[in-house]
Amino acid sequence: MELAIPSQSAGPAGPTQRTLVLRYLRRNKSLTIGLVILLFLLVFSIGGSFVVDTAKLAYPLAVTPLQPPSPEYPLGTDKDGRDLLAVMIRGIMLTGFIGLAAGTVGIVLGVILGFIAGYFGGPIDLVVRWVTEVLLTIPSLILLIIIAGTIVDKNQVTVLTMAAVTSVLAWVGPTRVVRSQVLTMKERTFVSVAKLSGMGDMEIIFKELMPNLLPFLVASFVGQVMGAIYASFGLEMLGLGPAREPTIGMTIRWAVYHGALFNEWWWWILWPVVALVLIFASLSLINVGLDEIANPRVRRTE
């Protein structure tokens with residue numbers, strides 16, 4: 001007869017990955033609050049587009065003009081006959097698209113140019129460094145105003161046009177910072193060991209350098225999105241934005257142009273200002289929270 005050998009009780013299991021993430025989010029309040037605000041904006045804009053006919057109500061002559069908030073029009077209407085609830089839903093999506101498109105272009109070009117210049121050096125590094133230093137001395141908003149002002153027919157300006165204009169200089173900052181990071185990292189021991197082990201340059205870049213820079217690149221991407229939204233808002237307030245599209249900047253611009261505050265149409269300017277504040281607040285808080293991950297000097301242990 002076989003004797004049953006009692007199994008040794010396993011030690012206490014460590015916390016799961018989900019538990020660690022929740023602990024970190026509870027401790028990193030800036031990141032948590034920023035993500036909550038961003039999630040609210042996403043639910044409001046994406047979810048709202050399935051409930052409200054934004055393709056019709058967010059454009060002129062759709063509803064009765066200048067109606068204050070009411071059960072029929074929860075956020076009121078503007079002078080052009082647009083339902084401001086539909087305008088906010090579509091405006092947050094369009095403004096976010098401009099920021100995401102310009103931020104993506106900026107971070108992708110910045111990573112490519114920064115790695116090429118910082119890792120390989122030589123004449124390419126000299127040219128990239130010279131171009132970035134020259135462009136950094138020029139006020140970016142002034143240069144974007146000049147570029148946007150070259151468009152002859154302002155009625156042809158679209159959201160894609162605005163995204164293209166704001167992405168023209170979005171790569172300059174990431175290129176300079178990525179280059180400096182790569183210059184520092186390529187001199188470290190783990191890169192020398194990788195070279196001695198027979199790894200090629202591209203393997204070192206993608207397997208050794210890129211993973212170490214990933215938290216920094218994510219934080220830099222959020223910063224570029226915020227910068228692109230800020231730049232597009234400045235252009236729109238100057239009348240250089242997509243006049244026919246209900247972006248947040250253009251909505252505020254038309255409210256100011258028609259004197260919404262002086263005529264006591266407070267709801268016309270209140271909601272886009274609140275939306276803009278929430279967008280910048282969420283991105284700023286996320287950027288601060290990600291800085292703890294990307295910057296070892298401010299990182300705290302669990």
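No value in this document is a laboratory result; all are computed from the given coordinates. What you see is a predicted model; the values in this text were computed from it and never measured. Cβ coordinates were reconstructed from backbone atoms using ideal geometry, including for glycine residues, and neighbour counts include every protein chain displayed.
At-a-glance table
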item	result
Most to least packed among 138-145, 56-63 [average Cβ atoms within 10 Å]	56-63, 138-145
D (Stokes-Einstein, µm²/s), Kirkwood Cα radius, the range 150-269, 1.306 mPa s at 10 °C	90 µm²/s
GNM top mover of Thr150, Thr104, Thr19 - the chain, alpha-carbon springs below 10 Å	Thr19
Sorted by Cβ neighbour density within 10 Å, fewest at the top, the residues Val36, Val218, Val157	Val36, Val218, Val157
Percent of Cα pairs exceeding the 16 Å cut-off, where the set is the range 61-147	71 percent
Residue among Leu290, Leu196, Leu94 with the largest mean-square fluctuation in a Gaussian network model of the chain, springs linking Cα atoms under 10 Å	Leu196
Using θ = phi - 60° and Karplus 6.51 cos²θ - 1.76 cosθ + 1.60, couplings along the range 226-242 (whole Hz; Gly, Pro as x)	5, x, 5, 5, 4, 5, 5, 5, x, 5, 5, 5, 8, x, 9, x, x
GNM result for the chain, Cα springs below 10 Å: residue of Gln156, Gln224, Gln181 fluctuating most strongly	Gln156
Signed unit charges on C-beta, dipole axis of the chain, positive-most listed residue Gly239, Leu160, Leu113	Leu113
Calculated from backbone phi, Karplus (6.51, -1.76, 1.60) coupling profile of the range 50-56 in Hz, x at Gly/Pro	8, 9, 10, 7, 5, 5, 10
For the range 267-277, 3J(HN,Hα) per residue [Karplus equation, 6.51 cos²θ - 1.76 cosθ + 1.60, θ = phi - 60°, Hz, x = Gly/Pro]	5, 5, 9, 5, 5, x, 5, 4, 4, 5, 5
Per DSSP, loop trypsin sites (Lys or Arg not before Pro) in the range 58-97 with at most 14 further Cβ within 10 Å	none
Net charge of Cβ neighbours under 15 Å - reference Asp53; Lys, Arg +1; Asp, Glu -1	+1
Value of Rg/Rh across the range 27-298 [Cα atoms, Kirkwood radius]	1.07
